[in-house]
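Reading through the structure tokens given below for one structure.
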Amino acid sequence: MLLAAFGSLALLIAAFAFQALGYAPCKLCLWQRWPHGAAIALGGAVLILGPMLLLGVLGALSMLITAGIGAYHSGVERGYWEGPSSCTGSGDALQGLSGADLLSTDAPNTIVMCDEVAWAFAGLSMASWNMVFSLVLMSLWIAALRKSQ
């Protein structure tokens, strides 16, 4: 369980390193980070309380959730389905805005699009790699559960 939690820590460190290198995260990228944070917290609970069935189940579930978000994000990037309107699309939603809304400086000046691949390796985007590594970490949580029973 601790190895799986450490894997989530390593993935979050890598995500922040990419961010420091100038690859700003989109909305879906940020969503993928939360379950890793939960897995790290569960690893801390394992350190304090020892391996427990509930902690292992929650750890595996958190990895399944982030893998699912990664799969969804990968599909958005590949154009298989639409993503959230706040970070995807061609700008067609601007037609309903007034001139004052369009000229407002209150809006964020940089929106990172969820349907654009910022970085890829071996044909897989960061979202796809998160999905792959999260499934591996989920299998570690499950293996730890089986071993502790």
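None of A38, A17 is surrounded by fewer than 22 Cβ atoms within 10 Å (Cβ to Cβ), among the small types (G, A, S) and under 13 Å from the mean Cα position of the chain (by Cα) except A38. What pairs come out if I take residues in region 121-141 that are closer than 15 Å to A14 by Cα and without any contact (Cβ under 8 Å) to a residue 24 or more places away in the chain and pair them with residues that are crowded, with 16+ Cβ neighbours inside 10 Å and among the aromatic types (F, W, Y) whose C-beta lies under 8 Å away, six or more apart or interchain? Every condition considered, the pairs that remain are F121/W129.
Where a number appears in this text, it was derived from the coordinates with a stated rule and is not lab data. Remember, it's a predicted structure, so these values are computed and weren't measured experimentally. So basically every Cβ, Gly included, is an ideal-geometry build from the backbone, and we count neighbours across all protein chains shown.
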